[in-house]
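Quick notes on the structure that follows.
Values in this text are rule-based calculations from the coordinates and carry no lab data. What you see is a predicted model, and the numbers here were worked out from it, not measured in a lab. Heads up, the Cβs are rebuilt from the backbone with ideal geometry, glycines too, and the neighbour counts pull from every protein chain shown.
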Amino acid sequence: MKKSCALFVLGLAFVASPTLLQTASAGGHAAKAPALLDFSEIQTYNRDDHKRDVTKCDELAAHPSDPEKVTEGIAEKSVDKEKAIEACLTAVQADPDNPRLNYQLARVFGYAGRHAESDPYRLQALKAGYPQSLFVLGYIRLEGWDGRAADPCYGGELIRRSAEVGTYAGLIGFPHYASTGRFDGCESYPVIDQKEINEFLTQAEEGADGYYQEILVKQVKAAFASN
């Protein structure tokens, strides 16, 4: 049951392909992670501060689960990585402070295994507090998805913050990881508050879209209650 929960949580917001996982781990050891932002540097995202015009980058690189997307989004397996990278570089050049466009460029660089090139755009979106980036960069650091050393404590706090702003993957993912001991040994963060986690799960239950999400929330609630 726990394995199936973890796989579905990944599917909600990231869908890291086996090919990319192999690419990230090539070389036999984890590379050094880029310098990460202090939590105090992460701003509160406000969509009204940024343009929401649909660009070619949005058409080729938006994530289906991104709550701030301006198109339907496209699954990883359908992304034309080279065309998406070209379109998103152009879009970011025209609107360099737009966190949505920075996130989408980082997304396609990541799918192409070009993590060093992805880093500045990941951090730009994270600094703006972009909800999808909170979860995705949290997951990257939690699991070491980019081939760098994992940091489950830092990553866990980002995932918790993604839940605070209502990102669905965070609402389910943070309670799941907390209940399976991924944050054991963490000291200052992530914040583990039972009341807050129950609120995350209630919000996830209310926002469940269909049978499978409903079942998933019930599984995570049961796992968290048993600890």
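Provide the packing ranking of 92-101, 36-45, 167-176, 50-59, i.e. peptides ordered by the mean count of other C-beta atoms within 10 Å per residue, highest first. Write down the numbers at each step before the final one.
Working: 92-101: 18.6, 36-45: 12.4, 167-176: 28.2, 50-59: 16.9.
By packing density, highest mean first, the sequence is 167-176, 92-101, 50-59, 36-45.
Can you compute the modelled spin-label distance between Lys127 and His50, with each label point 7 Å from Cα toward Cβ, in nm?
My value for the distance between the label points is 1.3 nm.
Quick one: which residues, 5+ away or cross-chain, put their amide H under 5 Å from the amide H of Arg148? H built at 1.01 Å from N.
Amide H to amide H, under 5 Å and 5 or more residues apart or across chains, Arg148 pairs with Ala31.
Quick one: net charge around Asn98, please, counting Lys, Arg +1 and Asp, Glu -1 for every other residue with C-beta under 11 Å from its C-beta.
Local charge sum for Asn98: -2.
Please go through segment 120-227 and write out the GluC sites (Glu not before Pro) that DSSP classes as loop and that have at most 10 other C-beta atoms within 10 Å.
Qualifying residues, ordered by number: Glu187.
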